[in-house]
Amino acid sequence: MIDPQSLAARFPRNFTFGVATAAFQIEGAARADGRKASIWDAFCNMPGRVHNRDNGDVACDHYNRLDEDLDLIKELGVEAYRFSIAWPRIVPDGTGPINEAGLDFYDRLVDGCKARGIKTFATLYHWDLPLALMGDGGWTSRSTAIAFQRYARTVMARLGDRLDSVATLNEPWCIIWLSHLYGIHAPGEKNMEAALHALHHLNLAHGLAVEAIRSEAPHVPVGLVLNAASVIPETQSSADKAAAERAHEFHNGAFFDPVFKGEYPEHFLAALGPRMPVIEDGDLAIINAKLDWWGLNYYTPMRVADDAEKPGDFPWTKAAPPVSEVKTDIGWEVFPGGLSHVIEDLYRRYELPPCYITENGACYNMEVVDGAVDDTPRLAYYADHLSVVADLIGKNYPIKGYFAWSLMDNFEWAEGYRMRFGLVHVDYATQKRTVKKSGLWYAELASARDQPTVRPAVSAS
Ligand code: FCB
């Protein structure tokens, strides 16, 4: 087992260690205080979508256990908390009336963090689109981008004075390809036209939200969280290498190119551009707004090979087998090298601002035995990936912080509650929280570091 003290010593003093969650996965209280349904509430109610037909009605009951959970974060000794804000609590119909009671909850959350000395990293959208917006087509409709901008402005007007950081979106890849092309996540669409429309409108929503954030709260650093694929070709054949380039354009470039270069990728556009919605004058400039930071969520690599038959649509690749035999309980290959690969690749391709690892973690479903959870493989996963982060910092990549996914076990989307990612175990019958072995280890790591020194204010005279 890697000693947390010596691992901690490899990070700079101002490096941020945090934990992450998302509203729909932990809050519950789905009908409380004016919240209305999101697309995930509807998706959970449809048979065959979510394992066991689990839903977010109660989840970790975090909405009602806010103080207890913030105490837990404090006990873990981390410096920062990454959480998401539920759009359907703030603007329950997506457009129209603002629900003050929803804002009050996040007021208490932010104040509760401040009172405990925990930095607040808010994400405005972690997949819980107000269901009412589906009446206009959800993300496939341009009007949803406009609605998102107003929601972003509303949140920042209320909370902006106390946020340490804000992200517009969590994982556009999941919102677009997983939800509108592969049909695995809400709204469960399997349609390239829908996905391409959602793609441009989501990118636009990001840019419009950046504008709104900057006008309401110019001092809050704004970023975007991407689960960039660490694309690794199966072989070094020219066909597989070309396939990996196409996969990059499709899985990463469709988001990174407009945001960081102000254009859609060349081959992607040649193949799919005619099926995209109208890109209005000025859209790409809005999307291309300079960001203060970006977030990487990394779990596992994406291994690809050329599909010589070129079936269906771009990018004409097929999945290649894992290289490592080690897999987590959700079946994802454990390969820490994928983390350095994707960071090095993206900084080579784009002019990127500083980075936070906004999610990294592992699914292991160990239960409580005699009051403890021995999840040694999760601990090893964290140690190995954090060691890669330390190596990258050593090579001067500007990585400013790391958030473990997740603070506690929670609703794992289409997998329901059966897949556990927490540093803290949740017994869903009693809502009892038990810090796992990995959580105790992470707490030691986070507290082992010297607290950052506060620089004296420099006077202008
Ligand atoms: C990411 C999501 C997060 C969680 C982890 C396991 O894709 O952002 O909500 O489900 O995967």
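Of all beta bridges that DSSP places with both ends in the chain, some 20 percent have antiparallel geometry.
Each residue of the stretch 362-371 was assigned a 3J(HN,Hα) from its phi angle through the Karplus curve 6.51 cos²θ - 1.76 cosθ + 1.60 (θ = phi - 60°); the sequence is 9, 8, 9, 9, 4, 9, 6, 10, 6, x Hz, with glycine and proline shown as x. Peptides 409-419, 92-102 ordered by packing proxy, namely the average of other Cβ atoms within 10 Å per residue, highest first: 409-419, 92-102.
For the chain, calculate the relative contact order in percent as a whole number, restricting contacts to Cα pairs under 8 Å that are 6 or more residues apart. The normalised contact order for the chain reaches 18 percent.
From the square roots a ≥ b ≥ c of the eigenvalues of the alpha-carbon gyration tensor of the chain, which class results: rounded (a/c under 1.5), prolate (a/b over b/c), or oblate? Here the chain falls in the rounded category. If only the Cβ of Lys and Arg carry +1 and only the Cβ of Asp and Glu carry -1, the dipole of the chain around its Cα centre is close to 660 debye.
The gain in end-to-end length when the LYS432 to TRP332 segment is fully stretched comes to 33.2 nm, 0.36 nm per residue minus the alpha carbon separation. Straightening the chain between ILE146 and MET46 buys 33.2 nm, computed as 0.36 nm per residue apart minus the Cα-Cα spacing.
Comparing Cα centroids, the stretch 30-102 and the stretch 261-285 end up 34 angstrom apart. From most to least packed by mean Cβ count within 10 Å, the peptides 256-264, 434-442 give 434-442, 256-264. So for the chain, taking the charge dipole from beta-carbon charges (+1 Lys/Arg, -1 Asp/Glu), which of PRO218, HIS248, ASN52 sits furthest toward the positive end? With unit charges placed on the Cβ atoms, the residue in question is PRO218.
Taken one residue at a time, the phi angles of the stretch 239-245 give Karplus couplings (6.51, -1.76, 1.60, θ = phi - 60°) of 5, 5, 5, 5, 4, 5, 5 Hz. Gly and Pro are set to x. Past 22 Å, Cα to Cα: identify those pairs from LYS400/LYS436; LYS395/LYS437; LYS119/LYS400, in the order given. From LYS400/LYS436; LYS395/LYS437; LYS119/LYS400, over 22 Å: LYS400/LYS436; LYS395/LYS437. Using R0 = 51 Å, the C-beta based FRET efficiency linking SER387 and ALA101 works out to 0.70. Taken one residue at a time, the phi angles of the stretch 184-196 give Karplus couplings (6.51, -1.76, 1.60, θ = phi - 60°) of 7, 10, 4, x, x, 7, 10, 7, 4, 4, 4, 5, 5 Hz. Gly and Pro are set to x. Give me the log10 of I(q) over I(0) for the stretch 312-397 at q = 0.22 Å⁻¹, as the Debye formula computes it from C-alpha points; what are the numbers? Scattering profile of the stretch 312-397, log10 relative to I(0): -1.15.
Tell me, in nm to one decimal, what length is gained between ARG348 and GLU263 on full extension, where the rule is 0.36 nm per residue of separation less the Cα-Cα distance? If you can, show how the numbers build up before the last one.
Details: separation 85, 0.36 × 85 = 30.60 nm, distance 1.74 nm.
Separation in residues times 0.36 nm, less the Cα-Cα distance, equals 28.9 nm.
Between VAL424 and MET408, ASP409, LYS436, the built amide H atoms are under 5 Å apart, and every one of these is 5 or more places off in sequence or on another chain. Each of TRP173, TRP127 was scored by other Cβ atoms within 10 Å of its Cβ. Listed from fewest to most, they are TRP173, TRP127.
Residue exposure proxy: LYS395, LYS327, ordered by other Cβ atoms within 10 angstrom of their Cβ from fewest to most, comes out as LYS395, LYS327. Under 13 Å of direct C-alpha separation, and excluding same-chain neighbours fewer than eight residues apart, LYS290 reaches these aspartates and glutamates: GLU211, ASP257, GLU351.
Where does each of 235-246, 141-152, 295-306 land if you order them by average Cβ count within 10 Å, highest first?
Details: 235-246: 15.9, 141-152: 21.1, 295-306: 22.8.
With the highest mean Cβ count within 10 Å placed first, the list reads 295-306, 141-152, 235-246.
Between amide H atoms placed 1.01 Å from N, distances below 5 Å from VAL304 occur with ILE232, GLU234, ALA320, all of them 5 or more places distant or on a separate chain.
No lab work stands behind these numbers, since they all come straight from the coordinates. Keep in mind it's a predicted model, so treat the numbers as computed, not measured. Cβ coordinates were reconstructed from backbone atoms using ideal geometry, including for glycine residues, and neighbour counts include every protein chain displayed.
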